[in-house]
Amino acid sequence: MNTIDQQLQKATTRRLPKFIITVIVLIIFLWSTSAVQLDNITENGFFIAKNILMGLVQPDTGLLFNLTTGGVLYLLLETMAIAFLGTIVGAVIAIPLAFLSASNIVPKPVAFVVRFLLIIIRTIPAIVYGLMFIRVTGQGPFTGVLTMSLISVGMLSKLYVDVIEELDTSVLESMESIGCTTMEKIRYGILPQLSALFTSIVIYRFDMNLRDAAILGIVGAGGIGAPLIFAMNAYRWPEVGSILIGLIVLILIVEYVSNKVRNKLVNG
């Protein structure tokens, strides 16, 4: 009888934290619904939404297939170039920062300081970086590249560190026993094992940067975002539709190709 009572008591003890967590989540969810204000949706809002959908159905094909610098194709290529270059620059800078923040590679105080710096970098949204760089370099694609590079450093460094700290340390211990320096351990003991995973992470980040680059164009950081917001402000919905169609197609193609490449790299 005592055994049954003990089992019931243990079961009750295990259920209590789950019940408390469930209640807290429900309270937060109900509180969050207060942000939904359907009263602000007016008849004009429904009309604009209808026009946006009509723009997707009846896009401006002249703009969509325009091969000049003002056409959708050129703007999409510019957006992709911003995301690509920003990702590459950020990926290169993130490598040394990742090793400096890996506690199994460098002393823990050094790792703590570098990680704190990376947390600060990741905390600031991309659009804020874009607005700051515009004040320094002016509007244009270069601002987008600088912004993409900085936000890529923050995230890529974190993902790199997660991979580095999961490595088998026996290789590093063997290299240390024969007198290898930290740089030698990184160059000959770690990088050969990490190259495929690092490349997969960079491709994933490029996929994200492509979306961010489109948004950054709204603040003048180059790419397709600026023409999109100008067309929306002028209520030129066929132009909006052509830009959105081009952006959707580009992102779908890039996501499909990047998933194939990442699976090949990780699974062989």
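How about region 171-201: which of its residues are over 13 Å from P96 (Cα atoms), in a helix (DSSP H, G or I) and open to solvent by 50 Å² or more (accessible area, probe 1.4 Å)?
Selection gives V171, E173, S174, E176, S177, E184, Y188, P192, Q193, S195, L197, T199.
Just need a number here: residues in region 64-86 that are polar (S, T, N, Q) and buried (at least 20 other Cβ atoms within 10 Å of the Cβ).
1
Across region 157-206, which residue is modelled with the highest pLDDT among those that are more than 23 Å from R262 (Cα to Cα) and of a type in the set (S, T, N, Q)?
S177
Take the residues in region 49-63 that are loosely packed, with under 14 Cβ neighbours inside 10 Å and among the small types (G, A, S); name whichever of them is nearest to Y160 (Cα to Cα).
Restricting to residues being loosely packed, with under 14 Cβ neighbours inside 10 Å and among the small types (G, A, S), the top hit is A49.
Look at I151 and say whether it is aliphatic (A, V, I, L, M), in contact with a helix residue (DSSP H, G or I) (Cβ under 8 Å, 6 or more places away or on another chain) and farther than 17 Å from D207 by Cα.
The answer is no for I151.
For region 70-85, check the following and say yes or no: at least one residue is in contact (Cβ under 8 Å) with a residue 24 or more places away in the chain, in contact with an Asp or Glu (Cβ under 6 Å, 6 or more places away or on another chain) and under 12 Å from I243 (Cα atoms).
Looking through region 70-85, none of the residues is in contact (Cβ under 8 Å) with a residue 24 or more places away in the chain, in contact with an Asp or Glu (Cβ under 6 Å, 6 or more places away or on another chain) and under 12 Å from I243 (Cα atoms).
Among the candidates L97, L63, which residue alone is within 23 Å of G217 (Cβ to Cβ) and assigned to a helix (DSSP H, G or I)?
Just one listed residue meets the conditions, L63.
Residue under question is S32, and the condition is that it be closer than 30 Å to E184 by Cα, open to solvent by less than 80 Å² (accessible area, probe 1.4 Å) and over 21 Å from the mean Cα position of the chain (by Cα); does it hold?
Taking the combined requirement at face value, the residue does not satisfy it.
Restricting attention to region 123-148, which residues are open to solvent by 60 Å² or more (accessible area, probe 1.4 Å) and either closer than 18 Å to A83 by Cβ or in contact with a Ser or Thr (Cβ under 6 Å, 6 or more places away or on another chain) (or both)?
Result: P125, I127, Q139, F142.
Name the one entry in V92, V110, V114 that is closer than 20 Å to M208 by Cα and among the hydrophobic types (A, V, I, L, M, F, W, C).
V92
The values are calculated or read from the model by the stated rules, or taken from the named source; none is laboratory data. Keep in mind it's a predicted model, so treat the numbers as computed, not measured. Every residue, glycine as well, gets a Cβ built from its backbone with ideal geometry; the counts of neighbours run over all protein chains shown. Remember, those area values only see protein heavy atoms, side chains included, never the ligands or the DNA or RNA. Shrake-Rupley method; radii C 1.70, N 1.55, O 1.52, S 1.80 Å.
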